[in-house]
Amino acid sequence: MPHDHGEQPEGTVGVNGQGRVTLPKTVREAAGIKPGDTLYVHTDKDGQLVLETRQARIRRIRELANPTGATDSLVDELIADRRAEAAREADEDAA
């Protein structure tokens, strides 16, 4: 559920004795976080804490795996090349 104010929702959280935090409602709503959702947490290269929803994590991993954003499949391209090569070989054998 996107936040419609043009600014990112924010708030403060405390850490209890068991290491648990409660995210502010506006942040949960903006991120589409619902009770029972699994969140992933890590620190980035600058030591910043990053909390991601499953969907955001999948999107980030896909972007890392495909930095150019190309939608063509390398496998499909290789298969098409092999089929074209096989067709050329068949034409040469028929001639």
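Values quoted throughout were computed directly from the atomic coordinates according to the rules given, and no laboratory measurement underlies them. Here the structure is a predicted model, which means the values were calculated and not measured. Cβ coordinates were reconstructed from backbone atoms using ideal geometry, including for glycine residues, and neighbour counts include every protein chain displayed.
Taking the Cβ of Arg82 as the center, what net charge do the other residues with Cβ under 14 Å away carry, scoring Lys and Arg +1 and Asp and Glu -1? If you can, show how the numbers build up before the last one.
Numbers: positive: Arg83, Arg88; negative: Asp76, Glu77, Asp81, Glu85, Glu89.
Neighbourhood net charge equals -3.
Given q = 0.15 Å⁻¹, what are the Debye log10 I(q)/I(0) values for segment 38-94, with equal point scatterers placed on the Cα positions and solvent ignored?
-0.64
Residue by residue through segment 78-95, what is 3J(HN,Hα) from phi via Karplus (6.51 cos²θ - 1.76 cosθ + 1.60, θ = phi - 60°)? Round to whole Hz and write x for glycine and proline.
Whole-Hz 3J(HN,Hα) from phi for segment 78-95: 5, 5, 4, 4, 5, 5, 5, 5, 5, 5, 4, 5, 5, 5, 5, 5, 6, 7.
Could you tell me how many cubic angstrom of Cα convex hull volume the chain has per residue? Write down the numbers at each step before the final one.
Values: hull volume 18.7 nm³, N = 95.
Convex hull volume per residue, Cα atoms: 197 Å³.
To the nearest 20 debye, what is the magnitude of the charge dipole of the chain about its Cα centre, counting +1 on the Cβ of each Lys and Arg and -1 on the Cβ of each Asp and Glu? Kindly include the intermediate steps, with their values, before the conclusion.
Details: 13 positive and 18 negative charges, 199 e Å.
Rounded to the nearest 20 debye, it is 960 debye.
What are the ³J(HN,Hα) couplings of segment 47-59, residue after residue, when phi is run through the Karplus curve with 6.51, -1.76, 1.60 and θ = phi - 60°? Round to Hz, x for glycine and proline.
Using θ = phi - 60°, the values come out as x, 6, 6, 10, 10, 10, 6, 4, 5, 5, 5, 4, 4 Hz.
Are there trypsin sites (Lys or Arg not before Pro) in segment 8-78 that DSSP marks as loop and that have at most 16 other Cβ atoms within 10 Å, and which are they? Walk me through the intermediate numbers first.
Working: sites: Arg20, Lys25, Arg28, Lys45, Arg54, Arg57, Arg59, Arg60, Arg62; in loops: Arg20, Lys45.
Passing both the DSSP loop test and the Cβ count: Arg20, Lys45.
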